[in-house]
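Chemist: There's a structure below that I have some questions on.
No lab work stands behind these numbers, since they all come straight from the coordinates. Computed from a predicted model, the values in this text were never measured in an experiment. Note: ideal-geometry Cβ built from the backbone for every residue, glycine included; neighbour counts use all protein chains shown.
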Amino acid sequence: MASERTNIMHYDTVNLDDERSALVIIDQTKLPGEVEMLSLTGQKDIWEAIYLLKVRGAPAIGVAAAIGVYLAAKGIDTEDPAAFRAQFKAAKDYLASARPTAVNLFWALDRMEAVLHKNPDASVPALKQLLHDEAVEIREEDIRVCRAIGEHGLTLIKDGDGILTHCNAGQLATTKYGTALAPIHLGVEKGMHFKVFTDETRPLLQGARLSAFELHSNGVDTTVICDNMASQVMKNGWVQAIFVGCDRVAANGDACNKIGTSGVAILAKHYGIPFYVCAPTSTIDMSIAHGDDIPIEERPAHEVTEMWYKQRMPPEGVKVYNPAFDVSENALVTAIITEYGIARAPYEESLKEIFRRKEEAAKK
Ligand code: MRU
């Protein structure tokens, strides 16, 4: 049971249990009421955990998929490399079908498949070991990346600032620290204080349930607001910066994130408040020119009509539109904070520079 003293920062959002051959996650659908760890071994269970948002947030989905496909590979019962590769591909395609928008899912699975391409002559046991090591590295890299985003983000705010965030792009959405919430958590480590407003984030309430719980449990001054209160809070002068995460950034800087984010971006422009998108390079999809081409997940109607209500809210028979994400166009984005530094407009240029830095770092 989650108590006042539970600090979620001390838990692993997503991990590999080698002994049990299991993906271990916090069941985020149970938060904040219960901190329940799930040990998942079957591919269907892992697929469902991603689809049902038991594990969620672009980086955490990527790490879960990497561990999931490794576990699938470990369980393949053949010594024949060709048969092994075919079964691996089927497992990869299955996990890739869990959610369409967060590019980290495909990025992580492609990176796992690249292990097979880079080692064309390896035996099946050797490939299993290499896939294990890659999954572990993807997870550890996520921690380093989030910390670096936090450090860059922290240079943009000062002690005492009011910060508004939407959805949950915190530790619960990554392996550690988060992206949008990383500057706040790193600030807390340094003894800084912020006043954070978390949009409730209809319909799945990632802000009210997850960001509020994560921040409050780590001692941060946290105020939950309904999504439609953001304008009032900004007008009051209580917000000095907005930090959000993202599921996919296009090459031109258009940023796709949880539904409702683009409204926050428009308000930020109106009130002259900086709107920062925190994006690991694994979330930047340079193959997509602009945001209109990002696939937007649509989710079941009951998330809008019934979930969280004592009884169905709208009348039977009305239509429901439930897109899970929207795109904030690049003109609304003050800066994109990556692990390789802060990109500003024009993003076609600055994002290329970020990837140049990444390539340079890989050579070292
Ligand atoms: O549907 P969700 O809860 O997976 O959506 C998550 C978000 O929109 C996050 O802001 C995004 O994935 C970034 S997480 C660091």
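Chemist: For a quick check: with amide H placed at 1.01 Å from N, whose amide H comes under 5 Å from residue 193's, ignoring anything fewer than 5 positions away on the same chain?
Modeler: Amide H neighbours of residue 193: 160.
Chemist: For residue 77 and residue 316 in the same chain, what is the full-extension length gain: residue separation times 0.36 nm, less their Cα-Cα distance, in nm?
Modeler: 81.1 nm
Chemist: Taking the chain as a Gaussian network, where each spring joins two C-alpha atoms under 10 Å apart, which residue of 37, 313, 286 fluctuates the most?
Modeler: Result: 313 has the largest fluctuation of those listed.
Chemist: Once amide H atoms are built 1.01 Å from N in the peptide plane, which residues 5 or more positions from residue 223, or in another chain, come under 5 Å H to H?
Modeler: The answer is 196, 197, 198.
Chemist: Provide the per-residue ³J(HN,Hα) series for the range 217-224, in order, calculated from phi with Karplus coefficients 6.51, -1.76, 1.60 and θ = phi - 60°, each as a whole number of Hz, with x at glycine and proline positions.
Modeler: After applying 6.51 cos²θ - 1.76 cosθ + 1.60, I find 5, 9, x, 8, 5, 10, 10, 8 Hz.
Chemist: With springs only between Cα atoms under 10 Å, which of 201, 13, 155 fluctuates most in a Gaussian network model of the chain?
Modeler: Checking each option, the largest mean-square fluctuation is seen for 155.
Chemist: Whole Å is fine, so just give me how far the alpha carbon centre of the range 325-364 lies from that of the range 44-75.
Modeler: The range 325-364 and the range 44-75 have Cα centres separated by 27 Å.
Chemist: Before rounding to the nearest 500, sum -39500 (n - 2.57) across all DSSP H runs of length at least 4 in the chain and divide by the residue total; then give [θ] at 222 nm in deg cm²/dmol.
Modeler: -12000 deg cm²/dmol
Chemist: Hey, rough spin-label estimate for residue 151 and residue 271, points 7 angstrom out along Cα→Cβ, what's it come to in nanometres?
Modeler: Placing both labels 7 Å along Cα→Cβ, they lie 3.1 nm apart.
Chemist: Which semi-axis lengths, in whole Å and largest first, follow from the square roots of five times the eigenvalues of the Cα gyration tensor of the chain?
Modeler: 33, 24, 20
Chemist: Using a 10 angstrom cutoff on alpha carbons, build the Gaussian network for the chain and name the most mobile of 152, 302, 132.
Modeler: Of 152, 302, 132, the Gaussian network model singles out 302 as fluctuating most.
Chemist: At what distance in nm do the modelled label points of residue 356 and residue 307 sit from each other, each positioned 7 Å from its Cα along Cα→Cβ?
Modeler: Each label point lies 7 Å from its Cα, and together they span 4.3 nm.
Chemist: Checking understanding here: applying a Kyte-Doolittle mean of at least 0.0 and a length along the axis of at least 18 Å (C-alpha), which whole DSSP H helices in the chain pass?
Modeler: 58-74, 103-118
Chemist: Please list 3J(HN,Hα) in residue order for the range 172-181, calculated via the Karplus relation 6.51 cos²θ - 1.76 cosθ + 1.60 where θ = phi - 60°; whole Hz, with x for glycine and proline.
Modeler: Using θ = phi - 60°, the values come out as 5, 9, 9, 7, 7, 6, x, 10, 5, 8 Hz.
Chemist: Could you tell me the calculated FRET efficiency between residue 90 and residue 236, based on Cβ-Cβ distance and R0 = 45 angstrom, to the nearest 0.05?
Modeler: The calculated FRET efficiency here is 0.25.
Chemist: Could you pull out the trypsin sites (Lys or Arg not before Pro) across the range 139-220 that fall in loop regions by DSSP (anything but H, G, I, E, B) with no more than 16 other Cβ atoms inside 10 Å?
Modeler: Sites meeting the loop and neighbour criteria: 158, 190.
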